[in-house]
Each structure stands twice: as structure tokens, then as C-alpha cells.
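To start, the structure under review is shown below, and the notes come after it.
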Amino acid sequence: MIVVNIKDNESIEKALKRFKKKFERTGVLRELRGRTYFEKPSITRRTEKIKAAYIQKTYRNQNS
């Protein structure tokens, strides 16, 4: 459960912004979207490999 303590003289908007950040960090929404449909494990592994290769390629290009 996410708890956001509102400080003295703090606006509701700031507290709501802190709540949204905490909620986003938990990854609940990301997991929910991932569970909306079934994906075969082989496809999941393939997409992870493609993402890893892309990240390595971008880091390699930045260091060059």
C-alpha cells in the first residue's frame, strides 16, 4: 500500500505528484498491461534479446 504523508502548507497537487511517482515506481500498471494477453515464453525471450542488443548498440555508439 502506498502512503503519502502531506506536509504542512503543501498543496494537494504536489502530494498527488509524489503519489503518482511512487505508484509508477512500483510497476503495478506495467505488470497489469503485461498480463492483459498471453505471450509465449519464446517470444518473450526473443524480445528481451532484441532490447539488450539495442541497448548495447546505443552504448557502443555513445562511447565511440
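When V4 is tested against the conditions (1) among the β-branched types (V, I, T); (2) in a loop (DSSP other than H, G, I, E, B); (3) out of contact with any Lys or Arg (no Cβ under 9 Å at 6 or more places or on another chain), the lone failure is (3).
Every residue in region 7-64 that is within 18 Å of the chain's Cα centre (by Cα) and assigned to a loop (DSSP other than H, G, I, E, B), please. Correct list: G27, R35, T36.
Restricting attention to region 1-25, the residues that are exposed (fewer than 10 other Cβ atoms within 10 Å of the Cβ) and touching a residue at least 12 places away in the same chain (Cβ under 8 Å) total 0. Scanning region 26-64 for residues being among the aromatic types (F, W, Y) and surrounded by 10 or more Cβ atoms within 10 Å (Cβ to Cβ) gives a total of 2. Taking first residues from region 26-53 that are under 30 Å from I2 (Cβ atoms) and partners that are assigned to a helix (DSSP H, G or I) and not hydrophobic (A, V, I, L, M, F, W, C), no Cβ contact under 6 Å between residues at least 6 apart in sequence or on separate chains turns up.
Quick note: the coordinates plus some simple rules give every number you see, no bench work behind them. All figures in this text were calculated on a predicted structure; none of them were measured in a lab. All Cβ positions, even for glycine, are placed from backbone atoms using ideal geometry, and neighbour counts span all protein chains on display.
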